[in-house]
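Chemist: Quick one: the structure is below, questions incoming.
The values are calculated or read from the model by the stated rules, or taken from the named source; none is laboratory data. Keep in mind it's a predicted model, so treat the numbers as computed, not measured. Cβ coordinates were reconstructed from backbone atoms using ideal geometry, including for glycine residues, and neighbour counts include every protein chain displayed. The area values use the complete protein model at the heavy-atom level, side chains included, leaving out ligands, DNA and RNA. Shrake-Rupley method; radii C 1.70, N 1.55, O 1.52, S 1.80 Å.
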Amino acid sequence: MDSQLDPAARWNLVDEIADQTVEYETAEASVADEIGQLMVSPWTGFPFAIAVLYGMWGFFGAVAGFFTDGYFVPLFDRYWLPWLQETFPLEGTWVYFVLVGDPAATNSFEAFGMLTSGLFIAVGVVVPALLALYFILSVLEDSGYIPRLAVLLDTFFHRIGLHGFAVVPMVLSFGCNVPGVEATRSLEGEKQRFIMMTLLSVFIPCGAQLGVMLSLIPQYTGFILLYLIAGFFVFGAVLNRVVSGSIPEFIVDIPPLRWPRPRPLGQKLAMRTRGFLTTGLPFVLVGVGVMNVLYVTDLMSVIGMAVQPVLTGWLGVPADTVPALVAGFMRKDLAVAQLSAIALTPYETVMSVIMISLYFPCVATFVMLIKEGRNSGGLTRVLLGSLATLIAALFIWGGLFHLLGIVMGVA
Amino acid sequence: MRITRLYWAFFGASLLVVGGIELAVGILGVSRAVGPVSIGGTYVLWRGIILATAGGLYTHAVLADVPSIRERAIVVLASGMLWITAGTQLFTAVLEAIPGGAETWIAPPGAIFGALAPPYAPALIAVLLTLPAIRHVDGIAVIDRLREVVAS
């Protein structure tokens, strides 16, 4: 064959070969083909997507609850914490406080030590959540559903400078923000990754927080969630205009629907889990250590006192909610749980939960933001940008809710 | 064929009604148990939306003059929504029952199987009623394949 053919002649040659070798025939769509089409059609695709997301959250809640509440909580509280409190030397020193935490604590969350609360959050809370989410995500990917969901939601995400595949980190974040932020690396371009990371860490409550909200304030949970998701899209649209950079066009090849095969599923699950254990887990532990240093140096109470005027004045919630805010640095679900012990009006309850969701990501998400931010436009840009967004969200979106409360006469 | 379509219509309408009740229960924040059926609990609002839309899809499939492949696919999709909902509830009930509490690591088999006892959520009962519909879709597919074989 002449290797010096010009492009037009080369394409003609391709056409000739194709004409001689390829046979075309029409084939009727099967039921499976039609189901695949229905999944990207809005009238049938959205109801099915709701069912899939329901199944995903249900599976996540069941598996995470099984491991965390069923086994890790008793394991850490009954065996690990008492053993560490008894045997660890240097009690009363700052080293003891940073590593073990409160010597009188009766559960691993309240101890606030790197080897107690840190290890419990990283291994007992985040790892089971990750396993559940990675498994269900792998099933959805291998079955061919994720590309269809991406196509279905592409129109919405395009309005905030993202494309349909942004649904993956968003869905993961509703389980746990840590894998959600980690999954933003699958998005193309620094702008997309920055917008998504920021929006996730500010507006999306994790599965544990949602679970506590549903058990403590079920009548308000749907409303709070709607308000936060509205904020996600409003601030996303603003960030899309403010942040420089381009968004690549969305072109996706939709594979046929098929049953996931166990072997590749297991390999994918093992690879993702190993990735988190080797790179993400140390970050979470160090993050808890840094938090403890803030407590030791009393900087945390200074932060609490600094934000108090904002809470009472701008957002209209009582000063009693400050301890819950401080707890929210560690785990937001328990921060919401702490609110139930405070006498609040319905408005104050809803406002406080919105505030806990908006004001700062939990420590595990924050360290993941640092880790992923380095590869998404630079650490400084991501941290400063996220900080500016969350301050704006707290003041504008939180303030707007306060204003609504005043107008309605409930604040 | 007429019986099948009547079945789809009745089943779809029932799902719409039960889904509507679950929606109302979710909005009002109450729970109700009637005989072996229990309506309430976490995410009841979402289950209501899923059941009602599945009912809507079943009803839509009936409206076609002759059930085409698309209508059959809609029936399978709506049934899939019910299978996901019911499967999640069953899975959650079993996993919640396995940890034995403060004293034992794994609960005795009786306690685990006890989690499967009634009352059941409407989706779990509806799943059984999807079986004839799925069987019918599958049956049509088999007949079509036989026709193709005969024609060839």
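Chemist: Does A:F97 fit the bill of being touching a helix residue (DSSP H, G or I) at 6+ places or on another chain (Cβ under 7 Å), in contact (Cβ under 8 Å) with a residue 12 or more places away in the chain, away from every other protein chain (no Cβ under 14 Å) and open to solvent by 20 Å² or more (accessible area, probe 1.4 Å)?
Modeler: Numbers: touching a helix residue (DSSP H, G or I) at 6+ places or on another chain (Cβ under 7 Å): yes; in contact (Cβ under 8 Å) with a residue 12 or more places away in the chain: yes; away from every other protein chain (no Cβ under 14 Å): yes; open to solvent by 20 Å² or more (accessible area, probe 1.4 Å): yes.
So A:F97 fits the description; yes.
Chemist: How about region A:45-84: which of its residues are open to solvent by less than 50 Å² (accessible area, probe 1.4 Å) and among the aliphatic types (A, V, I, L, M)?
Modeler: Residues satisfying the conditions are A:A49, A:A51, A:V52, A:L53, A:M56, A:A62, A:V63, A:A64, A:V73, A:L81, A:L84.
Chemist: Checking A:A27 against (1) under 19 Å from A:P256 (Cα atoms); (2) in contact with a helix residue (DSSP H, G or I) (Cβ under 8 Å, 6 or more places away or on another chain), which test does it fail?
Modeler: Just one mismatch for A:A27, condition (2).
Chemist: Here is a further query. Any idea how many residues of region B:23-49 are of a type outside the set (G, A, S) and touching a Pro at 6+ places or on another chain (Cβ under 7 Å)?
Modeler: At the first step, the residues of region B:23-49 found to be of a type outside the set (G, A, S) are B:23, B:25, B:27-28, B:30, B:32, B:34, B:36-37, B:39, B:42-47, B:49.
In the following step, the residues that additionally are touching a Pro at 6+ places or on another chain (Cβ under 7 Å) were identified as B:36-37, B:39.
Adding up the residues that qualify gives 3.
Chemist: Another question about this same structure. Report yes if some residue within region A:126-142 is closer than 18 Å to A:P260 by Cβ and of a type in the set (D, E, K, R); otherwise report no.
Modeler: We begin by selecting, within region A:126-142, every residue closer than 18 Å to A:P260 by Cβ; these are A:131-142.
Retained after the next criterion (residues that are of a type in the set (D, E, K, R)): A:141-142.
Looking for residues that are closer than 18 Å to A:P260 by Cβ and of a type in the set (D, E, K, R), one finds at least one in region A:126-142, hence yes.
Chemist: Let me ask something else about it. Working only within region B:105-118, note down all residues that are in a loop (DSSP other than H, G, I, E, B), open to solvent by 70 Å² or more (accessible area, probe 1.4 Å) and either under 12 Å from A:G70 (Cβ atoms) or in contact (Cβ under 8 Å) with a residue 24 or more places away in the chain (or both).
Modeler: B:W105, B:P118
Chemist: Right, something else. Which of the residues that make up region B:18-50 are part of a helix (DSSP H, G or I), under 18 Å from the mean Cα position of the chain (by Cα) and touching a residue at least 24 places away in the same chain (Cβ under 8 Å)?
Modeler: If the condition is that a residue be part of a helix (DSSP H, G or I), under 18 Å from the mean Cα position of the chain (by Cα) and touching a residue at least 24 places away in the same chain (Cβ under 8 Å), then B:V18, B:G19, B:G20, B:I21, B:E22, B:L23, B:R47, B:G48, B:I49, B:I50 are the ones that fit.
Chemist: Another question about this same structure. Are there helices (runs of 4 or more DSSP H) fully within region A:219-309 with at least 2 residues that are under 20 Å from A:R185 (Cβ atoms)? List them. Outline the logic, then answer.
Modeler: On the way: elements: A:262-275, A:281-296, A:299-309.
Correct list: A:262-275, A:281-296.
Chemist: Any idea which of B:A93, B:A123 is surrounded by 15 or more Cβ atoms within 10 Å (Cβ to Cβ) and touching a residue at least 24 places away in the same chain (Cβ under 8 Å)?
Modeler: On the way: B:A93 fails: touching a residue at least 24 places away in the same chain (Cβ under 8 Å).
Only one candidate qualifies: B:A123.
Table: residues versus (1) under 15 Å from A:I35 (Cβ atoms); (2) charged (D, E, K, R); (3) facing chain A (nearest Cβ under 10 Å).
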{"residue": "B:L77", "(1), (2), (3)": "yes, no, yes"}
{"residue": "B:G87", "(1), (2), (3)": "no, no, yes"}
{"residue": "B:I98", "(1), (2), (3)": "no, no, yes"}
{"residue": "B:G101", "(1), (2), (3)": "no, no, yes"}
{"residue": "B:T104", "(1), (2), (3)": "no, no, no"}
{"residue": "B:L116", "(1), (2), (3)": "no, no, no"}
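Chemist: Identify all residues within region A:39-67 that are over 14 Å from A:G175 (Cβ atoms) and more than 8 Å from every other protein chain (Cβ to nearest Cβ); write none if there are none.
Modeler: Answer for region A:39-67, where residues must be over 14 Å from A:G175 (Cβ atoms) and more than 8 Å from every other protein chain (Cβ to nearest Cβ): A:V40, A:S41, A:P42, A:W43, A:G45, A:F46, A:A49.
Chemist: Does region A:207-220 include one or more residues that are under 10 Å from the mean Cα position of the chain (by Cα), closer than 18 Å to A:V52 by Cβ and open to solvent by 10 Å² or more (accessible area, probe 1.4 Å)? Full working, then the answer.
Modeler: Kept after step one, since they are under 10 Å from the mean Cα position of the chain (by Cα), are these residues of region A:207-220: A:207.
From the residues that got through so far, the ones that are closer than 18 Å to A:V52 by Cβ too are A:207.
Filter once more, so that each one left must be open to solvent by 10 Å² or more (accessible area, probe 1.4 Å): A:207.
So far as region A:207-220 goes, yes, one or more of its residues are under 10 Å from the mean Cα position of the chain (by Cα), closer than 18 Å to A:V52 by Cβ and open to solvent by 10 Å² or more (accessible area, probe 1.4 Å).
Chemist: Within region A:28-36, is even one residue within 30 Å of A:A337 (Cβ to Cβ), open to solvent by less than 70 Å² (accessible area, probe 1.4 Å) and either in contact (Cβ under 8 Å) with a residue 40 or more places away in the chain or within 14 Å of chain B (Cβ to nearest Cβ) (or both)?
Modeler: At the first step, the residues of region A:28-36 found to be within 30 Å of A:A337 (Cβ to Cβ) are none.
No - not one qualifying residue is present in region A:28-36.
Chemist: Kindly indicate whether B:S68 is in contact (Cβ under 8 Å) with a residue 12 or more places away in the chain and of a type in the set (G, A, S).
Modeler: no
Chemist: Within the group A:L115, A:L172, A:L153, which residue is at pLDDT 85 or above, under 30 Å from A:R241 (Cβ atoms) and assigned to a helix (DSSP H, G or I)?
Modeler: Numbers: A:L115 fails: under 30 Å from A:R241 (Cβ atoms); A:L172 fails: at pLDDT 85 or above.
Every option except A:L153 fails the conditions.
Chemist: Let me ask another. Could you list, in sequence order, the residues of region A:368-391 that are among the small types (G, A, S) and open to solvent by less than 30 Å² (accessible area, probe 1.4 Å)? Break it down into steps so the answer makes sense when it comes.
Modeler: Within region A:368-391, the subset among the small types (G, A, S) is A:373, A:376-378, A:385-386, A:388.
Scanning region A:368-391 gives A:G373, A:S376, A:G377, A:G378, A:G385, A:S386.
Chemist: Applying the selection to region B:5-31, what residues are at pLDDT below 90, open to solvent by 40 Å² or more (accessible area, probe 1.4 Å) and within 13 Å of B:A121 (Cβ to Cβ)?
Modeler: Answer for region B:5-31, where residues must be at pLDDT below 90, open to solvent by 40 Å² or more (accessible area, probe 1.4 Å) and within 13 Å of B:A121 (Cβ to Cβ): just B:S31.
Chemist: Considering only residues that are modelled with pLDDT of 90 or more and either within 14 Å of chain B (Cβ to nearest Cβ) or open to solvent by 30 Å² or more (accessible area, probe 1.4 Å) (or both), which ones fall in region A:221-237? Write out each step before concluding.
Modeler: In the first step, residues of region A:221-237 are kept if they are modelled with pLDDT of 90 or more; the result is A:227-237.
If the condition is that a residue be modelled with pLDDT of 90 or more and either within 14 Å of chain B (Cβ to nearest Cβ) or open to solvent by 30 Å² or more (accessible area, probe 1.4 Å) (or both), then A:I229, A:A230, A:F233, A:V234, A:A237 are the ones that fit.
Chemist: Give the residues of region B:51-98 that are of a type in the set (S, T, N, Q) and part of a helix (DSSP H, G or I), sorted by residue number.
Modeler: Within region B:51-98, the subset of a type in the set (S, T, N, Q) is B:53, B:59, B:68, B:79, B:85, B:88-89, B:92.
Within region B:51-98, B:T53, B:T59, B:S79, B:T85, B:T88, B:Q89, B:T92 qualify.
Chemist: Next question, about the same structure. Can you pull out every residue in region B:32-50 that is within 15 Å of A:P47 (Cβ to Cβ) and open to solvent by 70 Å² or more (accessible area, probe 1.4 Å)?
Modeler: B:W46
Chemist: Assuming B:V75 fulfils every condition listed in (1) of a type outside the set (S, T, Y); (2) modelled with pLDDT under 90; (3) open to solvent by 10 Å² or more (accessible area, probe 1.4 Å) apart from one, which condition is it?
Modeler: Unmet condition: (3).
Chemist: Could I ask something else about it? Inspect all residues belonging to region A:148-157 and state whether any of them is touching a Lys or Arg at 6+ places or on another chain (Cβ under 8 Å) and among the acidic types (D, E). Even if it seems obvious, please write down each step before you answer.
Modeler: In the first step, residues of region A:148-157 are kept if they are touching a Lys or Arg at 6+ places or on another chain (Cβ under 8 Å); the result is none.
No, that holds for no residue.
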